Amino acid sequence: MKIYADRFPTAARQLVTDLLVVAWVYAWVRAAMWLHDLIEKLAVPGQKLEGAGGGLADNLADAGGKVGRVPIVGDDLTAPFNKAAEAARSMAEAGRDQQALVGDLALALALALLVFPLGVVLLGWLPLRVRWMRRAATAAALRSAPAGRDLLALRALATRPLRTLTRIDPDVAEAWRRGDESTVDALAELELRALGLRPTSRA
């Protein structure tokens, strides 16, 4: 599998593009993390509410336990403390719910922010990059195969612009059909050059 071209201009362009893609992804990931952290700050009131409610519930429950030890009227006096402690626990639970809601919102918005930039990379740049690597690997293998230059020449005939082909020979298809070696070599080199690869070497 070839990752970069043999020829400097093409290889340099690919390297710069890859670095830009990495920088693009990194910048958007950092932006998503920043947004996530920013929204998570909205959970601070919920944390304080949970802490206050939990602390109050514990204090009320402790006070109710002490009051309950009072002879005769202890049970009657404990009931208001227990109800107040339950209300405080509900307040703490509301604080936890608010934190969970903010956490879910922060995650959802961070992921939503990444959808477009990662989509551009995964659906735009990556398929083109993988396609080039496969084509370049195949062409590099054909370059050294006995009949590889004929297949590369055929590929050039099928894909290269007509104006470029006619510069090799005005009747380039006929020259290829009759097996003109100079034409076949020129076509094979044209296909390799288009992929940024070195031309085929012949003994």
Qualifying residue in segment 164-174 (condition: aliphatic (A, V, I, L, M), closer than 25 Å to Phe8 by Cα and within 41 Å of the chain's Cα centre (by Cα)): yes
Exclusive hit being modelled with pLDDT under 85 and either among the aliphatic types (A, V, I, L, M) or outside the structural domain of Asp18 (by TED's automatic domain parsing) (or both), set Met133, Met91: Met91
Segment 98-120 residues that are under 14 Å from Tyr26 (Cα atoms), paired with ones that are of a type in the set (Lys, Arg) (beta carbon under 7 Å, 6 or more apart): none
Qualifying positions in segment 34-54 - more than 30 Å from Asn82 (Cα to Cα) and either surrounded by 13 or more Cβ atoms within 10 Å (Cβ to Cβ) or assigned by TED's automatic domain parsing to the domain that holds Arg193 (or both): Leu35, His36, Ile39, Glu40, Leu42
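The values are calculated or read from the model by the stated rules, or taken from the named source; none is laboratory data. All values reported here derive from a predicted model rather than from experimental measurement. Don't worry about glycine lacking a Cβ; one is built from the backbone with ideal geometry, like all the others, and counts go over all protein chains shown.
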